[in-house]
Amino acid sequence: MKLKHYIIQIDTATEVCSVSISIEGVTLDQIQSSEPNMHASLLTSYVEQILSRNNLRFSDVSAVAVSMGPGSYTGLRIGVSTAKGLCYALDIPLIGINTLESMYQGFVRDFNVNSDSLYFPMIDARRMEVYTMAFNAHGKQVIPTQAKIIDELSFTEFQAKEVYLFGSGAIKFQNLFNSNPQINIISAFQHSSVYMSEMAWQRFQAHDVENLIYFEPYYLKEFVASTPKR
């Protein structure tokens, strides 16, 4: 009998706490919540629930894929530490996936893509700053992962192309670009770990996995603690 390869997928890089399970690149099931500040209390329970309701055991899992960032410092730390703990306990490989890359894969899956447009997945980094990168319609990266402050002059270098912004970092710019026909903000996009399914399977097959000892989240920026309000 052929061994089936199940992969648990964890994404806590944004306000969404998302867990899914896939079999050889195809998503079987997902659980997620957008309830704020609940990642630590929900994540382990979600992993147990998704296995239970699909009649699977931990021993059936072949690998764990985790959204490695950029994103929320606390969220990434929770997700990566949980993923590493599972991999150590089960002696299975860890697959790290750039959060912005998985967002682009999700956008391509769920929305129409125009050949002459550019696509910017965005994660909120507070105020007018976002974590972002850019892809063309063929999936080629045209701008690498970066922290970028957005203003009304952003994207003017792409005047010949339509620009699509999506993700938690894009919504806050609706008023800024409301009168700019070049900029399209896709508010319907929902963050999810299911967008990792195909990439996780491809990397598992290629043995493109992480070193459990040295793997850390891709924070992109150093953590700066905020001063509590009195």
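Only the coordinates and a few stated rules stand behind these numbers; no lab work does. Source: prediction; values computed, not measured. Cβ sites come from the backbone with ideal geometry, for glycine too, and all protein chains shown count toward neighbours.
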Q.
Full-extension gain between residue 157 and residue 91, please, as 0.36 nm times their residue separation minus the C-alpha to C-alpha distance.
A. 18.9 nm
Q) Span-like helices, the chain: DSSP H, alpha-carbon axial extent 18 Å or more, mean Kyte-Doolittle -0.5 or greater, which ones? A) 39-52, 73-90
(Q) I need the phi-derived Karplus couplings for region 53-67: 6.51 cos²θ - 1.76 cosθ + 1.60, θ = phi - 60°, integer Hz, Gly and Pro marked x. (A) 6, 10, 6, 10, 10, 4, 5, 7, 7, 8, 6, 10, 10, 10, 6
Q: Quick one: which residues, 5+ away or cross-chain, put their amide H under 5 Å from the amide H of residue 125? H built at 1.01 Å from N.
A: 130, 131
Q. Which residues' amide hydrogens lie under 5 Å from the amide hydrogen of residue 29, considering only partners 5 or more residues apart or on another chain, with H built in the peptide plane?
A. 21
Q) For region 141-230, what relative contact order do you get, as a whole percent, if you take Cα pairs closer than 8 Å and at least 6 residues apart? A) 25
Q) Hey, rough spin-label estimate for residue 126 and residue 49, points 7 angstrom out along Cα→Cβ, what's it come to in nanometres? A) 3.0
Q. By how many nm would the segment from residue 40 to residue 188 grow when fully extended, if each residue of separation counts as 0.36 nm and the alpha-carbon distance is taken off?
A. 50.7 nm
Q.
What number do you get for region 112-186 when its Cα radius of gyration is normalised by 2.2 N^0.38 Å, N = residues?
A. 1.00
Q) What order do you get for 106-113, 42-49, 12-19 when each peptide is scored by the mean count of other beta carbon atoms within 10 Å, highest first? A) 12-19, 42-49, 106-113
Q. Rounded to the nearest whole Å³, what is the per residue volume of the convex hull around the Cα atoms of region 1-96?
A. 89
Q) Separation of region 151-183 and region 63-116 by C-alpha centroid, Å? A) 25
Q.
How charged is the neighbourhood of residue 203? Take every other residue with its Cβ under 12 Å from the Cβ of residue 203, and add Lys/Arg as +1 and Asp/Glu as -1.
A. -4
Q | Share antiparallel - DSSP beta bridges, the chain, percent rounded to 5 | A | 55
